[in-house]
Each structure stands twice: as structure tokens, then as C-alpha cells.
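Working notes, beginning with the structure itself.
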Amino acid sequence: MEGVITCFHSKCVALPIRSLPLSRVSSLPRWRNTNLVSSSRSVLRRSLCVSASSSDTLVAGGSPKEDERQSKASSRKEGDDSEDLKFWMDKNGLPPCKVVLNERPAHDQKHKPIHYVAASEDLQKGDVAFSVPDSLVVTLERVLGNETIAELLTTNKLSELACLALYLMYEKKQGRKSVWYPYIRELDRQRGRGQLDAESPLLWSEAELDYLTGSPTKAEVLERAEGIKREYNELDTVWFMAGSLFQQYPFDIPTEAFSYEIFKQAFVAIQSCVVHLQNVGLARRFALVPLGPPLLAYCSNCKAMLTAVDGAVELVVDRPYKAGDPIVVWCGPQPNAKLLLNYGFVDEDNPYDRIIVEAALNTEDSQYQDKRMVAQRNGKLSQQIFQVRVGKEREAVQDMLPYLRLGYMSDPSEMQSVISSQGPVCPMSPCMERAVLDQLANYFMRRLAGYPTTPKEDAALLADPSLSPRKRVATRLVQLEKKILAACLTTTVDLLNQLPDTSISPCPAPYAPSLK
């Protein structure tokens, strides 16, 4: 029952988009713990801005004037222990644990310091750092009060993330009256920031997105934002279909209560902290765990994961810690582009980092069907995606070559020989091999030229301590992408230099495969 920080695909924002025909869902008040509800009815919200990139709060709601008034009221209560996340959890069933909440200053002094989970004592590998009871974990099963809710998530309109975001947005409107007020307050404090003090590019301005020029991540950000917009447009449908879920809230329907920008902020905040639990029911697989992300630091080469056990979600550490050390968890086998998109950080030591090379056979080729058959016989498609993993660039280039050689074939007799043989297409004539390698080298050079900065300029930017967090993580990402591309180019040039006669001109190829 192990869990990893879930990865969300650009196709549909985060998770398979599903709608919620929830006529059978039971009402929430029956499971509320009245001991968790504060007597105060003030709502914690900071002033709302039209731009998501400048908003101080992600799980947001209400008018700007109301938020300003309630933010001031919240500030007066800042020292109240009843609002502290750890204090609230201790008071409401958190067993004794071996962690504390520490803080470090934010890059922008106008923002509150960033909280993080640290060891409260020396820990050894295998120690249980904490165990959060299910009563303090937010899941769809908990929210909807129905263990069979997963069966209802079938009509492809709203994702689990959107449902969790909408629920906490309405809960936030209740202020201190909400059972989840201390947790929501902590999410607001974190503002969706990752451990490098940057938010997901989904919340960046257009000018800030230009930091990603040359990287495919820029297009992925825009595509995912469109997916969030589609989910926002489905919120009212869920409101009417899930009357038992929302009837307790004396507020307007979702798209009238919350603007798209506010919903996107909430969605991204939930995306940054949701945990994907393994080997549990569908209604529990996506969980919001206080003391979990984003308070836990991410580490790509860590193996510690949040795990569902009987009645709780616990963390067993995978390494020793000294008291005060930040606790780290594994974020799953995600490349840096996904880490930035989902969580707002980049890991320079990420062993799962990779780039994508898309190749496709030419459909206008009279031998296209034969080539397609040969490609499939060797485990490839007519439109093939090659994963180029960091440190494995030479292997990736070697994997691409047989596919490209196949596309370059034009002699029918050679094609018949390939069809009758087994295995990948071997090296061809010197001029054809030169043409294949030239195309590949030009492709890598073209991609590298698409970045506006050089590696030297990237290094200079990263050496500047005043560099903004968003530009820093973007620069790290493109720097690491360029290193992978440069390694691929070096491998390709080495292969070109190994040709028997480097003076041979490349053969013409009317139906060369495409690369993008």
C-alpha cells in the first residue's frame, strides 16, 4: 500500500477527467468532527488578484474587500496555537511522531516563510517518522461519504483533483467554521510553492513563461491550462448532480462563486500536494495528507513513500536523519519537466530525467505499409516516441538509428530483404548512413538553437543569488535539457567521424522520416 506523489499528464491536466453523477452520495455533516470546528466564523483569505501569478492565496474564494478584511483578522490571530497545523493535528488524533514544522525565509520578503517537515530527533533508516490517521486525511471517499464513489466517476468530465479543489474552496468559504481550517490555512501559506520557492508554471505570467522558450514544457503548460479550463466549465454540472455534497454550503454555484483564475490557483495548490496511494480503493487513491507534500521535500533518488496502512497514512524513512534535517520523500519516476509542471521544482540529480524525440515514417512513401510492418515487428510504431534518458544518450541514439535507416530505404529489393530478415535494420551504404546521421545531428543542433541562452549564460544566471525563484527553476530545466541534447549530438558526431570515408556526400532521401 505504498504511495508516490502522483504525476499528471498534459493531455487532461492531471488525471483521467471524470464527472460525478452523485445522486447516491451521502451528505457530509454526518462525519464532521465537531471538536475540530472553531467557534470563530472569520474566513482566512488574503486579498485576491485577477492574475493567478500574483495572488497570495491558492485555495481562495470571496470578494477582494472581504478577503482583505479577513486577512487582517487572520493576522491578528497569527500567534494563536489553535490555528497551527501541527497543534491542530496533535489535538485531533495525531499519534506521537518524530517530526516538527520548521521554516525558512522566502525569496520574496513580502511572503511568509516556507514551512517544511524536519526530524525532531535523530532517525534511523526504517523509523516511522509520522502516522497520520485517516480522520485527518482528505480523500474522495471522505469528502463524498460513499465508498462506491469510484464507480460513479465514469463520464469523463471532472477529475479527482478538481473535485478535491472544489471541496476545499467551499470549505474555505466557511472560514474557521470549517473542519479543515488549519490545513487550508497552511496551504494558503505555502501558496503552491515547491522547495525552491517557485510555483508551477501554470501560475506564471506570459513573460515568465518565456523563460521556458526552446523547451517543450512551455507548450505542455499551455495545454494543461486548457484542460483546467475545461474542468472549470464542468463545475456547475457537478454542483447540480451532487446536491448531497454541496447542499450544506449557503453559497452560489461554482462558476458564480469562483472565477476561473481562482479555481486554477486552487487546482494547482491541490496538484502540488496530492499523494497517489497504492493498493487502495479508487475513492482513496488520491489523498491530501497534512504533514505530506508540500511540507515534505521531494527527492528523485529517495525511496521513502507515504504508505496507506490500517486506518492511517504513514511515512517510513529510507535513510538516517539528524534532528532538524528536512525529511524527503520520493516523487515518483518523473522527469524534471513534470516535476516543474506539477510541483514547481527541478532536481539536478534526477536519475529519471529525460527528453522526448518523436519520429515518424513518411506516409507518402509507396513502401510505407511495408516499413510500418517492419517497424511493428521490431517493437516500434509508424509514429514513434523515443525516450532519451539522462546518462543513456548513446543508447538512445543507437536505438533511433535502425528506425531512421528503415525510413531512408528506397530500393524495393533492399526493402524485400529487410522484410524477409529478422531484427532491426543494420547499417546501410556509406552515403545512406551519412544521410541518416546528418539528419539526426541537424535535428539536435536545431533543438539546441531554439534556446535563447547558451550553457555559459545559464551558468551565469544561476550564479546570481538575486535571481527570482521562477527564473531559477526555468533556467535549471533548460540547462539540463540542453545537456542531454548536447550529449546526443556528441554521440551522433562521433558516429559520423567513424564512417569509413567522411567525405562521402549523403544520399538523397525523398521519403526521409520526420523528427520533432
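A few notes on this one:
- Which numbered condition Met445 fails, given (1) under 30 Å from Leu361 (Cβ atoms); (2) in contact (Cβ under 8 Å) with a residue 60 or more places away in the chain; (3) touching a helix residue (DSSP H, G or I) at 6+ places or on another chain (Cβ under 7 Å): (2)
- Where a residue in segment 418-431 is under 19 Å from Ile504 (Cα atoms) and its partner, wherever it lies, is open to solvent by 40 Å² or more (accessible area, probe 1.4 Å) and part of a loop (DSSP other than H, G, I, E, B), with Cβ under 8 Å and at least six apart: Pro430/Pro500; Pro430/Asp501; Pro430/Ile504; Cys431/Ile504; Cys431/Ser505; Cys431/Pro506
- Assessment of segment 378-390 against the conditions (within 28 Å of Pro500 (Cα to Cα), of a type in the set (A, V, I, L, M) and touching a residue at least 12 places away in the same chain (Cβ under 8 Å)) yields at least one matching residue.
- Qualifying residues in segment 311-338 (those that are closer than 22 Å to Leu462 by Cα and in contact with a helix residue (DSSP H, G or I) (Cβ under 9 Å, 6 or more places away or on another chain)) - the one surrounded by the most Cβ atoms within 10 Å (Cβ to Cβ): Asn336
- Near pairs, Cβ below 8 angstrom, 6+ apart or cross-chain, from segment 281-295 (within 17 Å of Asp188 (Cβ to Cβ)) to any residue that is of a type in the set (Ser, Thr, Tyr): Leu288/Thr139; Leu288/Tyr183; Pro290/Tyr183; Pro293/Ser272; Pro293/Tyr343; Pro294/Ser272; Pro294/Tyr343; Leu295/Tyr116
- Among residues of segment 385-440, those that are surrounded by fewer than 19 Cβ atoms within 10 Å (Cβ to Cβ), among the aliphatic types (A, V, I, L, M) and under 37 Å from the mean Cα position of the chain (by Cα), counted: 1
- Looking across segment 208-238, the residues that are more than 12 Å from Ala474 (Cα to Cα) and of a type in the set (A, V, I, L, M) come down to Ala219, Val221, Leu222, Ala225, Ile228, Leu235, Val238.
- Positions within segment 486-509 being under 27 Å from Arg354 (Cα atoms) and either among the acidic types (Asp, Glu) or surrounded by 22 or more Cβ atoms within 10 Å (Cβ to Cβ) (or both), in sequence order: Cys488, Thr492, Asp494
- Once segment 456-472 is narrowed to residues that are out of contact with any helix residue (DSSP H, G or I) (no Cβ under 6 Å at 6 or more places or on another chain) and in contact (Cβ under 8 Å) with a residue 24 or more places away in the chain, the residue that is farthest from Asn350 (Cα to Cα) is Ser468.
- Matching residues in segment 185-217 - criterion: being within 22 Å of Thr453 (Cα to Cα), assigned to a helix (DSSP H, G or I) and more than 14 Å from the chain's Cα centre (by Cα): Glu206, Ala207, Glu208, Leu209, Asp210, Tyr211, Leu212
- Members of segment 339-375 that are among the aromatic types (Phe, Trp, Tyr) and buried (at least 21 other Cβ atoms within 10 Å of the Cβ): Tyr343, Phe345
- Any hit, segment 448-465, residues being within 20 Å of Ala359 (Cβ to Cβ), at pLDDT 95 or above and surrounded by fewer than 16 Cβ atoms within 10 Å (Cβ to Cβ): yes
The values are calculated or read from the model by the stated rules, or taken from the named source; none is laboratory data. Since this is a predicted model, take the numbers as computed values, not measurements. When we count neighbours, we look across all protein chains shown, and the Cβ atoms used for this are built from the backbone with ideal geometry, even at glycine. Please note that ligands, DNA and RNA were not included when accessible areas were found on the heavy atoms of the full protein model with its side chains. Shrake-Rupley method; radii C 1.70, N 1.55, O 1.52, S 1.80 Å.
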